[in-house]
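None of the figures in this text is laboratory data; all of them are computed from the coordinates on show. What you are looking at is a predicted structure, and each value in this text was computed from that prediction instead of being measured. Virtual Cβ from ideal backbone geometry, glycine too; neighbours counted across all protein chains shown.
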Amino acid sequence: GIQVEQSPPDLILQEGANSTLRCNFSDSVNNLQWFHQNPWGQLINLFYIPSGTKQNGRLSATTVATERYSLLYISSSQTTDSGVYFCAVGYNTNAGKSTFGDGTTLTVKP
Amino acid sequence: NAGVTQTPKFQVLKTGQSMTLQCAQDMNHEYMSWYRQDPGMGLRLIHYSVGAGITDQGEVPNGYNVSRSTTEDFPLRLLSAAPSQTSVYFCASSRGSSPLHFGNGTRLTVT
């Protein structure tokens with residue numbers, strides 16, 4: 001199956017700082033998603049981005065499918081950005097059968 | 001529009017007991033999946049379904065059964081609970097080339 005590696009495993013920032021999270025995957029994929037798991041355990045989809053670049057407010061993501069990596073950028077971080085960020089990938093365009101990385105735990109300090 | 005609803009939110013079982021985790025979605029999504037999340041780890045796929053009457057195994061299917069008789073419901077059955085099945089269980093649904101929508105999870109403890 002596909003191997004997914006996320007880095008760094010932990011990240012501590014001061015409020016207002018920028019950060020970049022990375023997701024490497026071992027095979028060609030047709031779906032890639034970024035999720036945020038908040039401190040209450042809820043999983044919120046941030047991006048569905050098998051290739052290209054997308055932006056949503058302070059967050060943006062870029063996937064370079066040919067080089068098998070994706071980056072999640074968080075600008076002007078806020079304490080509410082704290083939590084775990086997961087990357088998930090799959091061979092099919094439908095996301096129902098996805099493989100998750102172990103996540104990056106982000107802590108934003110006031 | 002409730003999205004993906006999981007019940008119960010918490011459950012404690014004794015070793016050897018059986019139970020069913022319920023999952024329902026009201027978005028008419030054809031794909032539904034069950035994942036488990038262990039401490040400090042990502043989610044691992046247990047079973048998934050591409051439509052009513054069609055299910056398949058994921059990465060960690062042993063000890064779990066599923067069925068999908070309707071588009072809306074995808075229950076997960078633990079046949080004989082073991083302490084290794086202590087985890088948080090998430091149900092998800094999706095449609096076509098769109099992202100996964102997750103329920104809020106069921107926290108299961110097996111003693």
Within region A:53-82, count every residue that is farther than 22 Å from residue A:27 by Cα, crowded, with 16+ Cβ neighbours inside 10 Å and of a type outside the set (A, V, I, L, M). 4
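Condition check ((1) out of contact with any Gly (no Cβ under 6 Å at 6 or more places or on another chain); (2) more than 24 Å from residue A:38 (Cβ to Cβ); (3) aliphatic (A, V, I, L, M)) across all residues:
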position	(1), (2), (3)
B:25	yes, no, no
B:41	yes, no, yes
B:59	yes, yes, no
B:62	yes, yes, no
B:79	yes, yes, yes
B:83	yes, yes, no
B:91	no, no, no
B:94	no, no, no
Scan B:88, B:66, B:110 and give me the residue that is within 12 Å of the chain's Cα centre (by Cα), under 25 Å from residue A:103 (Cβ atoms) and β-branched (Val, Ile, Thr). B:88
Check region A:24-35 and report whether any residue there is within 14 Å of another protein chain (Cβ to nearest Cβ), crowded, with 18+ Cβ neighbours inside 10 Å, assigned to a loop (DSSP other than H, G, I, E, B) and out of contact with any Leu (no Cβ under 6 Å at 6 or more places or on another chain). yes
Every residue in region B:4-34 that is of a type in the set (Gly, Ala, Ser) and either surrounded by fewer than 14 Cβ atoms within 10 Å (Cβ to Cβ) or free of Cβ contacts under 8 Å to residues at least 12 places away in the same chain (or both), please. B:16, B:18
Total residues in region B:33-49, condition more than 8 Å from every other protein chain (Cβ to nearest Cβ) and of a type in the set (Phe, Trp, Tyr): 1
Considering only strands (runs of 3 or more DSSP E) fully contained in chain B, which possess at least 2 residues that are closer than 19 Å to residue A:89 by Cα? B:31-37, B:43-51, B:54-57, B:87-94
Set B:15, B:20: member being more than 12 Å from the chain's Cα centre (by Cα) and away from chain A (no Cβ under 13 Å): B:15
